[in-house]
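Values quoted throughout were computed directly from the atomic coordinates according to the rules given, and no laboratory measurement underlies them. Small disclaimer: the values here were computed from a predicted structure and weren't measured. Cβ placement follows ideal geometry from the backbone for every residue including glycine, while neighbour counts extend to all protein chains displayed.
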Amino acid sequence: MIQAPDLPAWAALIVGLLLLGGATITLVGSLGLLRLKTFYERVHAPTLGATLGAILILVASMVCFSVLQSRPVIHEILIGIFVTLTTPVTLMLLARAAIYRDRSEGHIPVPPDRLTEKKAE
Amino acid sequence: MSTLFLALVITASQILLGLSMLCATWRMLRGPRAQDRVLGLDALYLGAMLLLVTYGIQTGRTLYYEAALAIGLLGFTGTVALGKFLMRGEVIE
């Protein structure tokens, strides 16, 4: 289980620090998922892991494979672009669905829908 | 020496990512409402994707990168479909 690529010391230091930072930030985001009180606060928490945590770990992977293969290896940037593009879309869709559900049930205080109020007037 | 340091750091970051996946799983199982469960699922697949990237660094093989890319694509599709279902009551109109 304990194994690692054979990197020179400076590359090992960079990869290690980036990995540890990315994993810690992802854990902080997930702890926010546990600790925060309402759904509208919780929906912000995992984006910490999706942006900074994912980018740090992917940069660590890019540095590791570039040093191992002695050429620039940047295919991990695809995952980075994809996650950065999709996370806001999914979470905004989810938050809109939650607002719709809370409004239609009406027992959790959410701000009223101004568009439908104007139509009703 | 540097290899031992890197091995310990990679294992530690895998444990941290595993803990974050555990938090997401707890929110997915206990979440008071359906949107909390979908949010937990989103955080869970993100943690799994990052864990696969760290496995790729550990073994030095690019196989895990492709698996992580597939998890990212399918997880996005799954979360969008579940959000649409919560909004409309059906996925494809």
Sorted largest first, extent of the stretch B:2-88 alpha carbons per principal axis (Å)
53, 25, 11
For A:MET62, A:MET92, what ranking results if the residue with the fewest other Cβ atoms within 10 Å of its Cβ goes first?
A:MET92, A:MET62
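Where nothing but the Cβ of Lys and Arg (+1) and of Asp and Glu (-1) is charged, how large is the charge dipole of the stretch A:9-110 around its Cα centre, in debye to the nearest 20? Can you show the working numbers first?
Details: 7 positive and 4 negative charges, 29 e Å.
The dipole of the stretch A:9-110 has a size of about 140 debye.
Before anything else, pin down the relative contact order of chain A: Cα pairs under 8 Å, at least 6 apart, normalised by residue count, whole percent.
23 percent
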Cα-based Rg and Dmax for the protein assembly as shown, in Å, come out at 19.5, 74
Fraction in percent of alpha-carbon pairs per bin - 5 Å, chain A:
2, 10, 14, 16, 14, 11, 9, 8, 6, 4, 3, 2, 1, 0, 0
Is it possible to state the helix-based mean residue ellipticity at 222 nm for the protein assembly as shown, with each DSSP H run of 4+ residues giving -39500 (n - 2.57), the sum divided by total residues, to the nearest 500 deg cm²/dmol? What is it?
-26500 deg cm²/dmol
When only DSSP loop residues count, what trypsin sites (Lys or Arg not before Pro) in the stretch A:1-42 have their Cβ near at most 10 other Cβ atoms within 10 Å?
A:LYS37
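Say R0 is 35 Å: what FRET efficiency, to the nearest 0.05, do A:VAL28 and A:ILE74 get from their beta-carbon distance?
Working: r = 27 Å, r/R0 = 0.77.
For R0 = 35 Å, the calculated efficiency reads 0.85.
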In chain A, if the dipole is taken from +1 on Lys/Arg beta carbons and -1 on Asp/Glu beta carbons about the Cα centre, which of A:ALA98, A:THR47, A:LEU78 is farthest to the positive end?
A:ALA98
Taking the Cα centre of the stretch B:2-88 as the origin, how large is its charge dipole in debye, to the nearest 20, when only Lys and Arg (+1) and Asp and Glu (-1) carry charge on their Cβ atoms?
340 debye
Got a sec? How would A:CYS64, B:CYS23 order by Cβ neighbour count within 10 Å, fewest to most?
B:CYS23, A:CYS64
Arrange B:ILE10, A:ILE2, A:ILE99, A:ILE25 by Cβ neighbour counts within 10 Å, fewest through most, would you?
A:ILE2, A:ILE99, A:ILE25, B:ILE10
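Please find the FRET efficiency linking A:PHE82 to B:THR11, where r is the Cβ-Cβ separation and R0 is fixed at 22 Å, and quote it to the nearest 0.05.
Plugging the Cβ-Cβ distance into 1/(1 + (r/R0)^6) gives 0.20.
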Taking the dipole of chain B about the Cα centre (Lys, Arg +1; Asp, Glu -1; charges at Cβ), the one of B:ALA34, B:LEU63, B:MET87 that reaches farthest to the positive side is B:ALA34
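Please get the size of the charge dipole for the protein assembly as shown, origin at its Cα centre, with Cβ charges of +1 on Lys and Arg and -1 on Asp and Glu, quoted in debye to the nearest 20. It would help to have the intermediate numbers written out before the result.
On the way: 17 positive and 13 negative charges, 80 e Å.
Dipole size: approximately 380 debye.
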How far apart, in nm, are two points set 7 Å out from the Cα along the Cα-to-Cβ line at A:LYS37 and at B:ARG30?
1.8 nm
Distance in nm between label sites at B:LEU73 and B:PHE85, each 7 Å beyond Cα in the beta-carbon direction?
2.2 nm
